[in-house]
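The values are calculated or read from the model by the stated rules, or taken from the named source; none is laboratory data. Source: prediction; values computed, not measured. Don't worry about glycine lacking a Cβ; one is built from the backbone with ideal geometry, like all the others, and counts go over all protein chains shown. What goes into the accessible areas is simple: the full protein's heavy atoms, side chains included, and nothing from ligands, DNA or RNA. Shrake-Rupley method; radii C 1.70, N 1.55, O 1.52, S 1.80 Å.
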Amino acid sequence: MNNNNYIIAHCEISKNGVYKNGQKIFDGPAEDVQDILLTIYQHLNLNYPKFYKMDSLSKLGWLASEVLLAGENIIKDARPQDVGVILSNANSSLDTDIKYLHTVQDFASPALFVYTLPNIVTGEICIKNNFKGESAFFISDALDAAFTEQYVNYLLNNNILQVCICGWVEILKDNYKAVLFLVAKATEGTLFTKENLDNIFNRQTL
């Protein structure tokens, strides 16, 4: 299949650090994951009250998307229906689901469980940015670069999307990692391939 799709930008949030295109833009001093996420939110000078209602998985994915999209004109120029979000992780919302099980031992709170479903992560990103293209959250043992390449290329090459945010958002207790890629039909950038996805995802961040 013809592939003229390129990684325009990528970002990572892990190990208290925030990276954009391989360069560290923030090094957080916090150790507790909730403190880390809040510190990043404050450092980025964001003002989005819904952030405080999100579970940790949603906060992590949403923050990563804010870093990824900052200053990217291709998003500003795209129609809402032409931008989609395709994410994955291994544990779904297991961390917050475990907390939910502890919560309902004392009192019923079904709304908490519903709000922590992984698709809420893509939903929060789409709502904030008015993205109306295809979105999904897949579960796999690790980042499946081959599947991601095939699926996103299909969406772009068949004009279902013109721009796609894809990647990995994972959190379990104090272990967390979000790596997002901004992929689009373009004339320059890093070619969107399985090999390049794997290399960026697995390399030691500078």
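Quick look at the numbers
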read-out	value
Spatial extent of the stretch 130-206: Rg and Dmax, with the Cα atoms as the point set, Å	13.1, 41
Amide H within-cut-off set for Phe138, under 5 Å, with H built and near neighbours excluded	Leu87, Ser88, Asn89
Leu172 accessible area, assembled protein chains, probe 1.4 Å, Å²	50 Å²
Length gained when the stretch Lys53-Glu31 is fully extended (0.36 nm per residue, less Cα-Cα span)	5.8 nm
Total formal charge among the other residues, if their Cβ is under 13 angstrom from that of Asp35, Lys/Arg +1 and Asp/Glu -1	-2
Subset of Lys20/Lys53; Lys50/Lys185; Lys24/Lys50; Lys59/Lys128; Lys76/Lys132 violating a 21 Å alpha-carbon distance limit	Lys20/Lys53; Lys50/Lys185; Lys24/Lys50
Interchain or long-range residues, amide H under 5 Å from Thr190's placed H	Ile7
